[in-house]
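The values are calculated or read from the model by the stated rules, or taken from the named source; none is laboratory data. In this text the structure is predicted, and so the values were computed from the model without any measurement. Because the Cβ atoms are built from the backbone with ideal geometry, glycine has one as well, and the counts that use them run over all protein chains shown. Calculation scope for accessible area: heavy atoms of the full protein, side chains included, ligands and nucleic acids excluded. Shrake-Rupley method; radii C 1.70, N 1.55, O 1.52, S 1.80 Å.
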Amino acid sequence: MKIRYPEIPSPCYVLVEDLLRANLKILRHVSEQSGAKILLALKGYALWRSFPLVAEYLHGITASGIYEARLGAEEFKGGEISVYSPAFKESEIDALLPIADHIIFNSPTQLHRFKRKVLGAGRKIDCGIRLNPLYSEVSPPIYNPCIEGSRLGIVPEELHKCELDGVSGLHFHTHCEQNSDALQRTLEHFELHFGHLIDKMKWVNFGGGHHITRKDYDVNLLIEIIKDFRARHGGVDVYLEPGEAVGWQCGFLKGSVLDITYNAMPIAILDVSASAHMPDCLEMPYRPMIRGSAEPGVLPYSYRFGAPTCLAGDVIGDYSFETAIEIGDEVIFEDMIHYTIVKNNTFNGIPLPSIGMLRSDGSFKLLREFGYEHYKERNS
Ligand SMILES: *Cc1c(COP(=O)(O)O)cnc(C)c1O
């Protein structure tokens with residue numbers, strides 16, 4: 001394999017500006033046509049040096065807690081900040097008061113404990129509640145917030161415990177990589193359980209997990225669903241908060257081959273780790289795409305790709321190629337921008353990949369390198 005990007009260090013996550021912009025254009029189209037406001041979920045994508053670009057297209061950010069909210073306040077200039085957490089500490093609420101626009105509570109106790117403080121903050125902050133409509137099509141269960149016993153959101157039987165005065169928004173998040181037909185079915189359940197509340201509200205937040213920028217996503221259906229929902233509920237504001245759909249297919253992780261060994265099949269050891277650099281490959285699990293590869297056995301040269309860690313299971317997958325792989329070759333893992341950088345770690349003392357951007361003019365800009373000190377700091 002030839003080296004396609006000699007100017008990019010290895011390993012390195014590389015955001016491709018044009019691809020990000022293409023995603024953002026689709027999201028802005030949804031927003032313009034439906035009237036919905038779209039917030040970037042920092043849980044999945046927090047490359048803040050790109051926020052000035054993202055802010056040209058989206059309304060703001062959604063945060064899972066104080067750090068994400070702070071990052072949004074510092075770097076996503078002029079954007080709305082919505083925050084939801086399964087449980088806030090009092091000190092976190094205090095820190096959110098100067099920066100949050102929506103604070104969404106997960107239980108009646110959290111709502112009652114902090115509502116007065118939030119409403120009396122001296123600046124306008126909306127209180128919302130997260131609801132569990134008891135319906136989600138997501139599998140596996142680790143990603144399904146409506147499984148029996150889920151801690152995420154207030155179930156219909158608990159609703160009577162909520163004092164709703166001062167609450168101006170409803171939230172649900174029940175999707176993961178789903179198309180708009182799943183939203184349509186979900187809204188039926190949401191409205192069945194909670195429809196009577198909507199007309200008293202300023203906004204309803206449909207959460208994330210809408211795979212809007214995927215090629216087969218039915219964008220027109222999404223727009224129709226939102227318009228219809230708003231029309232039926234007095235023009236209520238609708239929010240979407242995708243993370244994955246923003247960072248979807250908009251960059252790669254460059255790695256390289258350190259060694260080639262043999263045990264039943266040729267095994268290439270790389271400078272990237274599934275466990276440390278792309279943990280969803282083991283958690284989800286899934287086999288990442290490598291540029292120029294096919295399933296093992298399809299092309300003439302097959303290899304197992306593994307990490308430079310001591311974890312036996314830190315195997316990325318089996319792949320085949322047109323030509324033999326050599327030590328020093330570049331390996332391009334596709335779609336490695338969302339849910340990678342936000343989750344990576346220094347397990348086994350493996351260096352963290354650098355972060356860079358391929359700009360529209362074709363030039364590469366190195367945004368950040370990491371060194372030994374980042375490993376040391378986190379292990380004090
Ligand atoms: C994870 C999450 C999101 C973003 O989900 P994506 O699948 O990345 O679109 C939005 N809202 C909440 C509450 C979440 O937990």
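Observations
- With respect to the conditions (1) within 16 Å of the ligand (Cβ to nearest atom); (2) touching a helix residue (DSSP H, G or I) at 6+ places or on another chain (Cβ under 9 Å); (3) open to solvent by 10 Å² or more (accessible area, probe 1.4 Å), ILE350 falls short on a single one, namely (1).
- In segment 180-191, the count of residues that are away from the ligand (no atom under 13 Å from the Cβ), touching a residue at least 12 places away in the same chain (Cβ under 8 Å), under 18 Å from the mean Cα position of the chain (by Cα) and farther than 23 Å from ALA63 by Cβ is one or more.
- Within the set LEU282, LEU187, LEU197, LEU222, the sole residue that is open to solvent by 40 Å² or more (accessible area, probe 1.4 Å) and part of a helix (DSSP H, G or I) turns out to be LEU282.
- For segment 110-122, the criterion of being within 16 Å of the ligand (Cβ to nearest atom) and either open to solvent by less than 10 Å² (accessible area, probe 1.4 Å) or modelled with pLDDT of 95 or more (or both) is satisfied by at least one residue.
- Matching entry among SER64, SER10, SER82 (being polar (S, T, N, Q), in the same structural domain as GLY209 (by TED's automatic domain parsing) and closer than 30 Å to PRO351 by Cβ): SER64
- A count restricted to segment 123-147 and to residues that are touching a Gly at 6+ places or on another chain (Cβ under 7 Å) and either aliphatic (A, V, I, L, M) or away from the ligand (no atom under 14 Å from the Cβ) (or both) stands at 3.
- Taken over segment 148-179, the criterion of being open to solvent by 60 Å² or more (accessible area, probe 1.4 Å), within 16 Å of the ligand (Cβ to nearest atom) and in contact with a His (Cβ under 9 Å, 6 or more places away or on another chain) is satisfied by GLU177 alone.
- Filtered residue count, segment 1-36, keeping only those that are open to solvent by less than 50 Å² (accessible area, probe 1.4 Å) and among the charged types (D, E, K, R): 1
- Test: residue in segment 82-97 that is within 16 Å of the chain's Cα centre (by Cα), touching a residue at least 24 places away in the same chain (Cβ under 8 Å) and under 20 Å from GLY120 (Cα atoms): yes
- Residues being assigned to a helix (DSSP H, G or I) and of a type in the set (Lys, Arg) - total across segment 109-137: 4
- Complete set of residues in segment 313-333 that are under 28 Å from the mean Cα position of the chain (by Cα) and open to solvent by 50 Å² or more (accessible area, probe 1.4 Å): VAL315
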